Structures are given as C-alpha cells and as structure tokens.
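Please read the structure below before turning to the comments.
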Amino acid sequence: MTKVSVDGKIIDVPADYTLLQACEEAGAEIPRFCFHERLSIAGNCRMCLIEVKGGPPKPQASCAMSVRDLRPGPNGEPPAMFTNTPMVKKAREGVMEFLLINHPLDCPICDQGGECDLQDQAMAFGVDSSRYGESKRAVEDKYIGPLVKTSMNRCIHCTRCVRFTAEVAGTGDMGAIGRGEDMEITTYLESAMESELQGNVTDLCPVGALLPAPQSFRARSWELQKTQSIDVMDAVGSAIRIDTRGREVMRILPRINEAVNEEWISDKTRQIVDGLRTQRLDRPYLRENGRLRAATWQEAFAAIAAKVKAAPPDKIGAIVGDLASVEEIYALKNLMRAIGTPNIDCRQDGSKLHPKFGRASYLFNASIAGIDDADALLIVGSNPRREAPVLNARIRKRWLRGNFPIGVIGEQADLTYAYRYIGAGLESLDPAAVKPPESCKKPMLLIGQGALARADGAAVLARAMDVAKAGRAIAGDWNGFSVLHTAASRVGALDLGFAPAEGGIDALAMARGGVDVLFNLGADEIEIASGAFVIYQGSHGDLGAHRADVILPGAAYTEKSGTFVNTEGRVQLGERAAFPPGAAREDWAILRALSDALGCKLPFNSLNALRVALYRDYPHFAMIDQIAPGAKFESMDGLAASADKTPFKSAVSDFYLTNPIARASAVMAECSALALGRARQAAE
C-alpha cells in the first residue's frame with residue numbers, strides 16, 4: 001500500500017491504482033467519459049484532469065497515471081493531488097466546452113436523456129455558454145445490427161465500445177477510421193456485430209450515440225419502475241434489473257455482481273422483452289374433439305382429476321422445463337409424492353446427471369469467479385460462447401492475463417480465445433492426452449451438456465471425473481470439476497431430487513409413451529408422443545402447449561417471485577416485476593389449487609408458507625446469494641467402461657432461440673436469421 005494525499009486527506013491505496021481510483025477512494029468525485037474499470041486505459045476524453053503537486057505545471061489526466069508514478073514531497077511527504085483547485089475547474093470547463101462543440105442539441109428527443117453521463121457532467125463540471133459559433137460536424141448513422149441503434153453525430157470518441165468488443169467480447173467488431181474531426185466509430189463495412197454480448201456497448205456509451213434499437217422511443221427512464229431480479233436465459237444467473245411501465249416490461253439491464261456476471265449480460269437476456277408480450281397463454285384451455293377451446297379453471301381441473309383418478313400411479317409422470325423456479329418444482333414434487341408416482345424428471349434433454357452421484361457431480365464446483373484463479377482449462381462437449389456468453393467472457397478475461405493453456409474436446413468453434421484442439425469425442429478424453437503442465441496448481445475441467453445429454457452420458461461423466469482426478473483438477477481444497485448447465489432450473493431441481501425414484505422412468509421414456517397421464521411444467525424442448533393425456537402448465541404457446549390436452553396458463557419469470565440456483569450452486573432470488581396476463585397465475589398457486597381438485601391438498605396457502613416448508617426440507621435454499629459448502633461426489637464405479645465414440649456436439653445449436661420466450665421474440669428471430677446467414681457464408 002502507498003500513502004497519498006487527496007485534497008489534504010491522507011489515505012493508503014495499492015500502488016497499481018490510477019490517480020482517478022485513488023481520488024475516488026478518498027471520496028472525491030472525478031468526472032470521466034473514456035475511463036472504465038473493466039477496460040484498458042485510453043486517455044481520450046481528458047475530462048478527469050486533476051492537479052498533481054510536484055508534477056508538471058499543468059493538469060494531469062488522472063486515468064492515465066498510476067500511484068507508483070508519483071514522487072513524494074521534498075521532505076518525504078506523501079504525493080499530493082488536488083481535485084478542486086481553480087486550475088482543475090478551468091481545465092474541466094475547457095474540456096467540456098470542446099466536447100460540446102460538435103454535440104447536437106438532441107436532449108429533448110434522445111433516449112439517453114435522464115441517464116446521460118454527458119448531461120450530468122456538463123451540469124456539474126461545465127459552463128453555461130460556448131465561445132464557438134462554427135457549424136457542427138455531421139456524421140452518417142451506421143448499421144451495426146438489429147440490437148444497437150446509432151446516432152453518430154453524438155459520438156465523443158471515448159472508444160469504450162471499441163475496447164469492449166476487442167477486449168471483453170473478443171470479436172473486434174468495432175473500430176475507428178479517419179483522423180481528427182474525420183474520425184468515425186464503425187464496424188468498417190457497416191455489417192452487423194457478431195458478438196453475443198454486443199448490447200453491453202449501449203450501457204458503456206456515455207452519450208446517446210449507441211442505444212438499444214428495440215427500445216427506441218418507447219419510454220423515458222423516469223417513467224419506469226425498477227425491480228432487481230435474476231436472468232433465466234441460461235444457467236449463469238446473471239444479476240439483472242427489470243424496468244416496467246404499468247404491467248409491461250420495457251427493458252432489462254444488468255446489475256453489478258462481481259461473483260457472477262460482473263456487469264455484463266448477454267443479448268438474449270437483454271432483448272427478449274418483446275417475447276414476454278407475444279404468444280402468451282392467458283386462460284385455461286381444454287382439448288375436445290382434437291381442438292383446443294377456452295375453458296374455466298374448474299373445467300380444466302375436473303378434466304385433470306378424472307384422468308388422474310382413472311390412471312394407476314405408476315402410469316402418471318411429471319417433467320419440469322428449463323425456466324421453472326424452485327418453488328413450483330417443490331410444489332409439483334410434493335403433488336407427485338401425494339399421488340404416489342416415482343416418475344418425475346427435470347432432465348428433458350436426456351442428461352444423465354443425477355443426485356445419486358453426489359451434488360458435486362452436477363455443480364460448476366470451481367465457481368464462476370474461480371475461473372480467475374485457475375491456471376489451465378479443459379473444455380469437454382461444450383461451446384461456452386453459445387451456452388453461457390458471460391461465463392465465456394470470464395474465461396477470455398483469464399486467458400488475456402496469460403499462462404492459461406486451454407484444451408477443447410468436442411466441436412471446433414470460435415470461442416474468442418486461442419485453444420488446443422484435442423479431439424472430437426470420448427476417445428480423446430484420456431488422462432495421458434489431456435494432462436495439464438506440472439506447473440499448474442489449479443487446473444479446471446469444464447464439461448457441458450453436449451457430453452452428458454447422450455445415452456452414455458453417465459459413462460462420460462465418470463470418465464471426466466477420472467480425468468479430473470488424474471489431472472489434479474480435484475485435489476486438496478481445489479475442486480476444478482465444473483459442469484456447465486444450459487437450463488436455469490436444472491441445479492435447483494436436482495437439489496430437490498426431482499429425478500426418477502426407484503422404479504421410475506426418465507423424461508425421455510415418459511415422452512415416448514411410458515405414462516398415461518403426464519404433467520408438463522414448462523418443458524418445451526421435448527417431443528411428447530401421442531397417446532398420453534398431457535397437462536401443460538406454462539407461459540407461452542410453444543411446443544408443449546401444442547401437444548397438450550389441458551393448458552394451465554402460468555407466469556413468466558418476470559411475473560413471479562422465485563428462487564433459482566445457478567450452475568455453480570448459488571441460490572438466487574428473482575423478484576416479481578409485473579403481473580401475468582388475463583387469467584394466468586403463478587405456477588405454485590396453480591399446483592396448490594389443482595391439489596385440492598385431486599384430493600391431495602398441499603400444506604401451504606401462500607408463497608411464504610411454501611418457502612417455510614421448502615427451507616425446512618432443504619435448508620440450503622435459504623442461503624440467498626450463497627453457495628452451500630461441502631458438495632461431495634458419490635461413487636460411479638463401473639460406469640466409465642460403457643461409452644460410444646460419437647463426437648460431442650454443443651447442447652445449443654442456435655443461441656437466440658433456446659426457450660419459448662426467445663422463440664416468441666421477433667428481435668431474437670432476426671438475430672437468429674443473421675447468425676444463420678453468417679454460418680452459411682462461412683461454410684461456403
């Protein structure tokens with residue numbers, strides 16, 4: 001630590017802090033446009049000027065100089081910095097005057113109005129007049145894709161967007177052409193950006209030059225009600241903020257969570273907003289003579305009760321989908337237990353993960369933040385860029401630091417970082433072939449659902465565990481064996497034991513005709529054969545609803561308070577931001593009402609009562625934003641031998657259309673079409 005003086009206040013800061021960070025540590029407010037803690041230093045805007053005692057007789061850009069570069073006073077006094085002297089005030093006013101020379105007076109029509117850094121800092125650090133009367137520079141707007149709208153007249157060349165795409169996203173989509181007043185930020189050929197994280201540039205842009213296109217001219221920031229929640233588009237569990245106006249979700253933004261998503265979210269997380277409004281189920285339906293008709297709740301429950309009472313318990317089953325919260329899964333499990341059926345499953349993709357192998361067998365044990373500490377990585381049967389873009393950015397961040405060898409077994413794809421391709425299938429998963437260098441103390445093995453959702457998935461899991469142990473990924477206090485899930489509900493459901501009991505059959509067997517009555521809680525990624533009586537409970541008219549005999553309209557994740565457990569086992573709570581449409585209800589409440597009609601009443605009448613029972617049976621669900629310690633492996637002896645040599649394929653073929661909400665979104669459909677077109681061009 002180094003002692004420095006900021007406006008007469010002595011503080012201790014790390015030597016690698018910039019002067020800007022040191023000043024903020026002392027409580028001083030330093031304006032900035034180009035500086036960002038997660039991006040490299042640019043020093044473009046010069047707004048962060050301060051005065052350094054003993055330095056040159058001019059203002060110093062505080063973002064571009066570190067504490068270790070300062071000289072002490074003549075008698076050994078700590079280096080002194082000043083943030084509010086007349087020199088600093090005059091310098092900042094001059095910089096702001098220059099920045100506004102070419103900036104158009106668009107504030108009344110700009111979507112950034114009300115949350116614009118330029119507005120705020122012009123008021124706080126600028127002046128109320130300008131000495132410049134020349135014509136303003138004009139720049140053509142650029143097409144850079146369907147997610148980001150450009151208004152390049154407003155651009156102040158901070159280059160945050162350029163540095164983000166080059167450093168965090170890893171695609172290098174954006175850059176600068178020209179010099180001086182002819183400089184322009186562009187994608188060079190005005191093509192659409194390719195990154196799955198491109199929407200984050202709209203958060204980074206300090207002015208209104210880059211804005212989210214789907215929300216253009218739809219709302220002002222001060223009109224919106226803000227609710228903290230959790231993303232369910234993948235299993236990372238990114239922290240998000242849902243902004244609503246009335247009953248409608250208007251936009252979704254990231255929240256800072258250093259342990260999970262830092263401050264980034266994927267484009268699917270951000271822009272599935274229109275999918276929350278379309279193809280919604282807003283009333284119960286009943287199939288009669290091959291056609292669905294609107295029905296009352298009583299009619300729907302009566303039809304279900306008649307079928308359930310006529311079927312033996314071993315011919316009744318339940319499947320849970322990818323977006324369900326822990327509360328409704330717990331309620332459904334209790335209902336199935338009361339009915340007496342062993343046929344329950346949460347693995348609609350056929351994954352062979354199971355609670356009987358131990359909790360450590362299905363968690364991302366290294367933790368997402370633990371990627372920063374790892375010193376080697378083996379990726380098996382996964383494409384993290386498509387399955388979890390935010391987690392993939394974390395891997396890239398660690399790779400950029402160096403000394404991080406990465407190996408891949410499975411598909412060859414552009415992951416935004418260099419890796420050694422080892423092979424395509426299980427035969428390459430050999431301890432001798434994938435052993436990390438001896439210098440590595442914390443190697444990781446990341447295994448995806450592309451390796452586990454196969455007929456031999458249990459054998460692959462066992463082989464991967466053996467490789468992890470042989471390669472020191474499981475040793476001492478370090479557990480680098482990490483399962484990357486693609487479904488937000490999966491870890492929570494496995495924690496609840498929502499898997500076939502002894503004598504029960506799995507989801508694939510149930511879908512192929514193994515049961516006469518099937519409860520489908522939002523499972524839209526599985527084909528259900530004809531014959532069974534299907535009760536579908538979900539929010540959208542997707543595949544599950546098309547096959548259903550009874551439809552019970554549920555709430556989307558933005559319309560209910562629910563607990564989710566992310567891929568690393570972190571318990572997270574998402575709050576309700578809006579209300580479900582029409583007669584739709586929260587899923588736990590539907591199951592509670594249905595249990596009455598079935599004659600096996602569930603013992604709770606409110607969400608609080610349900611959670612009391614949940615926490616009593618599974619105490620770790622009460623540990624919000626924590627990972628329960630002590631996850632263990634159980635024996636998998638004898639499984640590793642029976643495996644085939646089919647190449648691993650990623651579980652996600654189209655990043656933009658992985659769930660019913662995304663498939664209902666016109667924005668996601670456009671992004672999917674663009675990605676498909678790029679893939680065809682690359683193949684040609």
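What the table below lists for this structure:
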| quantity | calculated |
| --- | --- |
| Condition check for Gln279: more than 30 Å from Ala338 (Cα to Cα), in contact (Cβ under 8 Å) with a residue 24 or more places away in the chain and open to solvent by 40 Å² or more (accessible area, probe 1.4 Å) | yes |
| Pairs where the first residue, in segment 282-296, is at positive phi and the second is open to solvent by less than 70 Å² (accessible area, probe 1.4 Å), C-beta under 7 Å, 6+ apart | none |
| Where Ala631 falls short, out of the listed (1) in contact with a Leu (Cβ under 7 Å, 6 or more places away or on another chain); (2) farther than 28 Å from Phe357 by Cβ | (2) |
| Residue match in segment 299-306 (condition: at pLDDT 95 or above, closer than 15 Å to Gly554 by Cβ and in contact with a helix residue (DSSP H, G or I) (Cβ under 8 Å, 6 or more places away or on another chain)) | yes |
| Any hit, segment 645-667, residues being open to solvent by 40 Å² or more (accessible area, probe 1.4 Å), closer than 30 Å to Lys307 by Cβ, in contact with a strand residue (DSSP E or B) (Cβ under 9 Å, 6 or more places away or on another chain) and outside any loop (DSSP other than H, G, I, E, B) | yes |
| Neighbours by Cβ (under 6 Å, 6+ apart or cross-chain): first from segment 102-118, within 22 Å of His36 (Cβ to Cβ) and touching a residue at least 24 places away in the same chain (Cβ under 8 Å); second assigned to a helix (DSSP H, G or I) and open to solvent by 30 Å² or more (accessible area, probe 1.4 Å) | Gly113/Cys107; Gly114/Trp222 |
| Matching residues in segment 317-335 - criterion: being farther than 21 Å from Asn608 by Cα and open to solvent by less than 10 Å² (accessible area, probe 1.4 Å) | Gly317, Ala318, Ile319, Val320, Gly321 |
| Residues of segment 348-365 satisfying the condition of being in contact with a Phe, Trp or Tyr (Cβ under 9 Å, 6 or more places away or on another chain) and open to solvent by 10 Å² or more (accessible area, probe 1.4 Å) | His354, Pro355, Phe357, Arg359, Asn365 |
| Single residue of segment 418-439 satisfying the filter (part of a loop (DSSP other than H, G, I, E, B) and open to solvent by less than 10 Å² (accessible area, probe 1.4 Å)) that is nearest to Thr646 (Cα to Cα) | Gly425 |
| Residue count for segment 135-161, restricted to those that are open to solvent by 30 Å² or more (accessible area, probe 1.4 Å) and out of contact with any helix residue (DSSP H, G or I) (no Cβ under 9 Å at 6 or more places or on another chain) | 4 |
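Every residue, every condition in (1) at pLDDT 95 or above; (2) among the hydrophobic types (A, V, I, L, M, F, W, C); (3) touching a helix residue (DSSP H, G or I) at 6+ places or on another chain (Cβ under 9 Å); (4) under 21 Å from Cys346 (Cβ atoms), yes or no:
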{"site": "Ala555", "(1), (2), (3), (4)": "yes, yes, yes, yes"}
{"site": "Trp588", "(1), (2), (3), (4)": "yes, yes, yes, yes"}
{"site": "Lys601", "(1), (2), (3), (4)": "no, no, yes, no"}
{"site": "Phe621", "(1), (2), (3), (4)": "yes, yes, yes, yes"}
{"site": "Asp625", "(1), (2), (3), (4)": "yes, no, no, no"}
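To keep it simple, each residue is scored yes or no on (1) surrounded by fewer than 20 Cβ atoms within 10 Å (Cβ to Cβ); (2) on the phi > 0 side of the Ramachandran plot; (3) modelled with pLDDT of 95 or more; (4) assigned to a loop (DSSP other than H, G, I, E, B).
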site: Asn44; (1), (2), (3), (4): yes, no, no, yes
site: Pro56; (1), (2), (3), (4): yes, no, no, yes
site: Cys63; (1), (2), (3), (4): no, no, no, no
site: Arg71; (1), (2), (3), (4): yes, no, no, yes
site: Pro74; (1), (2), (3), (4): yes, no, no, yes
site: Glu77; (1), (2), (3), (4): yes, no, no, yes
site: Asn84; (1), (2), (3), (4): yes, no, no, yes
site: Pro104; (1), (2), (3), (4): yes, no, no, yes
site: Asp111; (1), (2), (3), (4): no, no, no, yes
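Here's the yes/no breakdown for (1) without any contact (Cβ under 8 Å) to a residue 60 or more places away in the chain; (2) out of contact with any Gly (no Cβ under 9 Å at 6 or more places or on another chain):
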| residue | (1), (2) |
| --- | --- |
| Glu438 | yes, yes |
| Lys441 | no, yes |
| Ile447 | no, no |
| Ala453 | no, no |
| Ala462 | no, no |
| Ala468 | yes, no |
| Arg472 | yes, no |
| Gly476 | yes, yes |
| Gly497 | no, yes |
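The values are calculated or read from the model by the stated rules, or taken from the named source; none is laboratory data. Nothing here was measured: the structure is a model prediction, and the numbers come from that model. No Cβ is skipped: glycine too gets one built from the backbone with ideal geometry, and neighbour counts run over all protein chains shown. To get the accessible areas, we keep the full protein, side chains included, count just its heavy atoms, and leave off ligands, DNA and RNA. Shrake-Rupley method; radii C 1.70, N 1.55, O 1.52, S 1.80 Å.
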